[in-house]
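Please treat every number below as a calculation from the coordinates, not as lab data. Treat the numbers as computed from the prediction; the structure is a model and nothing was measured. So basically every Cβ, Gly included, is an ideal-geometry build from the backbone, and we count neighbours across all protein chains shown.
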Amino acid sequence: MHVMRLDELRGRIDEINLELLSLLTERAQTVQEIASEKEKQGVPKFDPLREKKMLEDLVARNTGPFTDETIRQLFKQIFQASLSLQLIDHKQQLLVSRSKQKANTVIQLGSTVIGTGKPVMIAGPCSVESYEQVRTVAAALKAAGVTVMRGGAFKPRTSPYDFQGLGLEGLQILKEVADEFGLRTISEIVDPSHIEIADQYIDVIQIGARNMHNFELLKAAGDAPIPILLKRGLSATIDEFIHAAEYILSRGNTQVMLIERGIRTYEKATRNTLDISAVPILKQETHLPVLVDVTHSTGRKDIFAPCAKAALAAGADGIMVEVHPTPATALSDAAQQLTIDEFNTFFEVIRQSGLF
Ligand code: PEP
Ligand code: MN
C-alpha cells in the first residue's frame, strides 16, 4: 500500500518536471524573441528594473512552503540563464563570428596567403625614417624570404615631442622600396582622412592599439577597399577586440586580420603581457586571421623567439616583429628592434622549430 503511494507521488514529480521543462523551454523561446526585438530597437539586453519588479511580484504571491529568499534565488537563476542565452545569441550573430561563417577568412597579399594554416612573417622597422633605412631592411627581408614588410609613417607616440613619423613621405618611401623588391606593405594610419592616401601607397592599413576604440576610424576602415590589420587595444578585453573588428565588417570590409600585441597588467618584466590565450580564443570565436606581435607585447628581444613559437603553437596565422639596420639610433622603439643579423637568427630559429 505504502509502496504504491510513493510510486504514485514519484510519478507525479516526473510529470511536474516535464511540465517545468516545457515551461522553461517556452520561456527561453520567448526570451529569444524579446532579444531580437531589443536588437532591432537597440535596447540593452539587461534591464535591472524589470528584473526587480518580476521578483517582487513573484515573492508577493509566494504562499510557501518555499521561503521568499528561495523563490528569489530560483527565479534569479532562471533570469540569469535567460540573459546568458540572449548574450550568446548576440555573439553568434556577429559577422566576425565563427558560427556565422565556418570557413577561415583568407587575406591574399600577392603570392602570400594569410589565414590558411601556413604562417606569415611580417617584419620591418618601427618607423620609416629614411629611404636608405627602409631599403636596407627590405633587401635583408627579401633575402630571408619575407614577403610582407611593415613600417610606421604616422606614429601615435606617447609624447608629442617624440618623433611623429614622416607621414605621406613615409608612405611614398615604403611604396618605392616595396616596388623595387616586390614586397607587400603594412603601415598604420591614425586619421580617417588618410585612408584614401594610404590606399595609393600601401597594401594593408594598420589600426594601432591606441586606436582600437576609435570608432570613427573603424567605421572609415570598414568603408575602405583595402585589408585592415587591427591591433588589440592596450587594455581591451577579447570581447571589445572582437566588437572593434565587427565595426569594420559591419560596413562591408571583410578583409580584416587581428593581432595580439600584449595588454597592460601589473607585470613589469615585459613591456606588456602577451596574452597567448587570446590566440586560440580568437581563432575559435572568429573566422579572421590572428597574428601575434612579439615586439610590442614583450618589448624584450631575448624572448621574441620562444614567444613567437608559443604563438604559432597556439594557432597564430603569423608573427610580426620589428627590424632596424641600427636599432640603437632608431627614432622609435630603439630598445626592442632586432638588427638584421638578429632577425636572421630569429627567423632561422622559428623555421627550425617546425611550427612555421
Ligand atoms: C606599431 O605596430 O607600430 C605600434 C605602434 O604598435 P601598437 O599600436 O601595438 O602599440
Ligand atoms: Mn614599434
Practice task
Describe numerically, in nm with one decimal, the distance between label points set 7 Å from Cα along Cα→Cβ at GLU19 and at VAL106.
Solution key: 5.7 nm
Practice task
May I ask which residue of ILE350, SER159, MET257 lies farthest towards the positive end of the charge dipole of the chain, with charges of +1 (Lys, Arg) and -1 (Asp, Glu) on Cβ and the Cα centre as origin?
Solution key: ILE350
Problem - Electrostatic dipole magnitude of the stretch 2-93 [Cβ: Lys, Arg +1; Asp, Glu -1; Cα centre; debye, to 20] - result: 280 debye
Completion exercise
The alpha-carbon center of the stretch 12-87 and that of the stretch 246-278 are separated, in whole Å, by 36 Å
Fill in the blank from the handout: Projected onto their principal axes, the Cα atoms of the stretch 2-93 stretch, largest extent first, over whole-Å spans of 58, 28, 15
Fill in the blank from the handout: Rounded to one decimal in nm, the spacing of the 7 Å Cα→Cβ label points at THR265 and ARG300 is 1.2 nm
Practice task
Loop only per DSSP, at most 10 neighbouring Cβ atoms within 10 Å: give me the trypsin sites (Lys or Arg not before Pro) in the stretch 251-356, ordered by residue number.
Solution key: LYS268
Problem - Sequence-separation-based contact order of the stretch 107-240, relative, with Cα cut under 8 Å and 6+ spacing, percent - result: 19 percent
Handout entry: Of every Cα-Cα pair in the chain, the percent that sits beyond 25 Å
Key = 59 percent
Problem - Extension gain, GLN352 back to THR63 (0.36 nm per residue minus Cα-Cα distance, nm) - result: 96.8 nm
Problem - Where labels lie 7 Å past Cα in the beta-carbon direction, separation of PHE163 and GLU37 in nm - result: 6.0 nm
Exercise for the section: Enumerate the aspartates and glutamates that LYS219 could reach by cross-link, defined here as Cα to Cα under 17 Å, with residues fewer than 8 away along the same chain left out. Expected result: GLU188, ASP191, GLU196, ASP199, GLU240, GLU246
Handout entry: Globularity index of the stretch 170-233, i.e. its alpha-carbon radius of gyration over 2.2 N^0.38 Å
Key = 1.09
Practice task
Report the FRET efficiency, 1/(1 + (r/R0)^6), for ARG135 and THR345, where r is their Cβ-Cβ distance and R0 is 25 Å, rounded to 0.05.
Solution key: 0.70
Handout entry: Listed residue (THR147, ILE71, LEU21) projecting farthest to the positive dipole end of the stretch 20-157, Cβ model
Key = THR147
Problem - Antiparallel bridge percentage (DSSP; both residues within the chain; nearest 5) - result: 15 percent
